[in-house]
Structures are given as C-alpha cells and as structure tokens.
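Before any comments, here is the structure.
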Amino acid sequence: MGCSRTLTSFGQKNYQCSYRCLYPTSTTRPRFIQVQSAVSFSTGTSILRAGPVPSAHSASACCRRHSFSSTTSSSSSSSGNTGTVVGAGTDTEKEDVTLYQYAICPFCNIVKSVLHYHKVPYHAVEVNPLTKGELNDLPKDYRKVPILTTASGSESSSQYNGSEDIVDYILRLQQQQSTSVSVPDDPEWVSYARDDLAPLLYPNICSTWSRAHETMGYIHSKDEFTTLQKYSIQWVGSLAMYMAASKIKKKREITDERQALFDTLQQWEDHLETRPEVEQVTVGDLSIYGVLRGLHGLPVHSDIATNFANVAKWYKQMEEKVDGQ
C-alpha cells in the first residue's frame, strides 16, 4: 500500500519541496482469477483465492463493497502473468472488464478514478513496460496504455484505447443504468487534467536518472515478475523514464519542473475558491483527482497539500467519494 499520511496544508506561496521519489506499487495481470478483495490506486502485496470467474457479474459479487483501500496479491497463470479484480459490485451489463495499465501512468489513474467512483468491477493488469507481453493477445496496432477490454460471455468482446475513449465508454455505460450516479461533463477541466497537469508529472518524479531509478523501485514488490525482470525493468525503465521526462521538459521549455507544476496547480486552486464543497462530482473532478492520486506516497504529493490549501481540502473530499477513505 502507498503512504497513508494525512494531508496537511498551510497555504504558503513559498513552495516547499522534499524531493525523493518512491512510487507505490501496482496491480497485476489477470488470467480470469477470482479474487475476494479489492485494490486502491496504490496497491501492494496481495492475497488471492484463485478460481475461474464465470462472468463479470460473478466477479463483482466476490468483491467487498467499498473496500478500495484493501490490498490484493498475485498468483501465476500459464502465461506468467497474474490478476486481480477491483470493484464494489455494480452489474456492468454482465461484462468482464480488464484494464491494462502502468502504475505510474496518470492517464491510467484517470480511468481508475472513474471506475472506482462508479464502482465498476474490473481486472487490473500491470504491463511490463519493456516487453509489453501482457498485450500480446490484443490487436497489434495499439501498444500503449491504458487499454480497457470488455467481454460478454465467450462470443463478443470490445477494446477501448486511451483514457478519453475509455472514460467515454464508462460514462455511456453508467447512463444506461437507472441506479447510476449522474456525473456532469466538465470539458474545460478534463482538458486541463489531460493536457496541462498530467504531462508535468514525469518531469517532477523523473527529473534525474537517480530519481527515476527510485521511482521504478516499486517493481521489486511485484511477484509476477522474475528477479531478472525486476532489475531489468528498474534499470532500463528508469533510463526510459528519465529520457521521457527530459523530452517533455524540452518540448514545453521547462527549466524548473516543480515551479511549472505549481503554476499549473494554481489554476485549480483559484477555481476552488468559488467551490469550497464538492456537492456534485464532475468528470473534471475525477480526471484531476486521478492524476494527483497517482502521486500518493511521493514527496510531491505532500508538497502539493502543503502549498495548496483548497486543493488539499478538495482532494480529501474526493478521496472519500471515490475511494471511500
């Protein structure tokens, strides 16, 4: 599990930073394993009770309601991958839902925020960023994450690529259910989360190779990977993450990544002045929350809470609404 420290905020504008990257662990690959627990955004060691899952409806029944903060674990399948089921028991038209993800991907966390808020049961698959072997059974024309697949029985299946298409699908699905909670669209802040906020995360957690190496250290808690795979992912992956962060900084002409992040967050802080209470959750709320939730357990997460009082208060309300914490 990620850090469970309580958010604190003092509202100072002299931005404080305690820079040390330690990323929370992630969920793992399913080969249709029945699980009797659920996971949060920052998941760790898990405990599975394995068995075939006959349908998504049956899978949802095995998940504890409102238990997103509990942990899960992995067990191997014939392909060397493992699986978990996440959710709180809604009947997603009896579809088996699988999310292919990276733990440190902000766009994956946007999707998970929407899934958790609507209590949609799903299998979470942690993809090896070097080989992407978990995607081998999917069409070869798209090799990025997030990917969400659905299957109804053994005859039909669908695939949704990228956070925008996935979130649109989830919202359409929920609108068809009379018991679902209405979530108003909020295109301005959805765009802000995806285009402005999310791209600044990697420069802040992987600004140097050593920080990227620490960030990738979460992989050592993943039982589905061999020791050699873990070290390969950490060492090679940290170089790739550092290069990606450097490319983003160059493209956006960023010289101070933490200042760039805080300048962007100031827009949300100012907006929240007019909205002290989250009376109705919007898609914008879920998108921004998902991006920030992926930082849970990292110093930057605490730095944001310390320097943005309105964001900290809003985040705590969203945490209760999305994760039931």
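Residue count for the range 96-129 under the criterion of being assigned to a loop (DSSP other than H, G, I, E, B) and farther than 28 Å from Ala240 by Cα: the result is 4.
Against the list (1) closer than 27 Å to Pro121 by Cα; (2) touching a Pro at 6+ places or on another chain (Cβ under 7 Å), the condition Ala245 fails is (1).
Quick check on Glu126: is it acidic (Asp, Glu) and modelled with pLDDT under 85? Break it down stepwise before answering.
On the way: acidic (Asp, Glu): yes; modelled with pLDDT under 85: no.
Considered against the rule, which asks whether it is acidic (Asp, Glu) and modelled with pLDDT under 85, Glu126 comes out as no.
Checking the structure you have, find out if any residue of the range 235-242 is in contact with a Ser or Thr (Cβ under 9 Å, 6 or more places away or on another chain), farther than 20 Å from Leu130 by Cβ and of a type in the set (Gly, Ala, Ser). Checked the range 235-242: no residue is in contact with a Ser or Thr (Cβ under 9 Å, 6 or more places away or on another chain), farther than 20 Å from Leu130 by Cβ and of a type in the set (Gly, Ala, Ser).
Residue by residue, here is whether (1) charged (D, E, K, R); (2) under 23 Å from Ile166 (Cβ atoms) holds:
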residue	(1), (2)
Asp186	yes, yes
Val190	no, yes
Arg194	yes, yes
Leu197	no, yes
Ile205	no, no
Thr208	no, no
Gly217	no, no
His220	no, no
Asp223	yes, no
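Scanning the range 252-271 for residues that are farther than 13 Å from Ala198 by Cα, in a helix (DSSP H, G or I) and without any contact (Cβ under 8 Å) to a residue 60 or more places away in the chain yields Asp263, Gln266, Glu269, Asp270.
Report whether or not Val145 is open to solvent by less than 70 Å² (accessible area, probe 1.4 Å), closer than 30 Å to Ala212 by Cβ, aliphatic (A, V, I, L, M) and part of a loop (DSSP other than H, G, I, E, B). It is true that Val145 is open to solvent by less than 70 Å² (accessible area, probe 1.4 Å), closer than 30 Å to Ala212 by Cβ, aliphatic (A, V, I, L, M) and part of a loop (DSSP other than H, G, I, E, B).
Out of Ser232, Ser191, I need the residue that is without any contact (Cβ under 8 Å) to a residue 40 or more places away in the chain and either closer than 26 Å to Ser287 by Cα or out of contact with any Phe, Trp or Tyr (no Cβ under 6 Å at 6 or more places or on another chain) (or both). Which one?
Numbers: Ser232 fails: without any contact (Cβ under 8 Å) to a residue 40 or more places away in the chain.
Going through Ser232, Ser191 in turn, just one is without any contact (Cβ under 8 Å) to a residue 40 or more places away in the chain and either closer than 26 Å to Ser287 by Cα or out of contact with any Phe, Trp or Tyr (no Cβ under 6 Å at 6 or more places or on another chain) (or both): Ser191.
Looking at Leu239, is it open to solvent by 50 Å² or more (accessible area, probe 1.4 Å) and either in a helix (DSSP H, G or I) or of a type in the set (Val, Ile, Thr) (or both)? Yes: the conditions hold for Leu239. Contact map, the range 137-153: first residue closer than 23 Å to Ser113 by Cα and modelled with pLDDT of 95 or more, second residue open to solvent by 70 Å² or more (accessible area, probe 1.4 Å) and of a type outside the set (D, E, K, R), Cβ cut-off under 9 Å, separation 6 or more or different chains; pairs are Thr149/Ser157.
The values are calculated or read from the model by the stated rules, or taken from the named source; none is laboratory data. Just so it is clear, the structure is predicted and the values come from calculations on it, not from any experiment. With ideal geometry, Cβ positions are generated from the backbone for all residues, glycine too; neighbour counts draw on all protein chains shown. Only protein heavy atoms, including side chains, enter the accessible area calculation; ligands, DNA and RNA are left aside. Shrake-Rupley method; radii C 1.70, N 1.55, O 1.52, S 1.80 Å.
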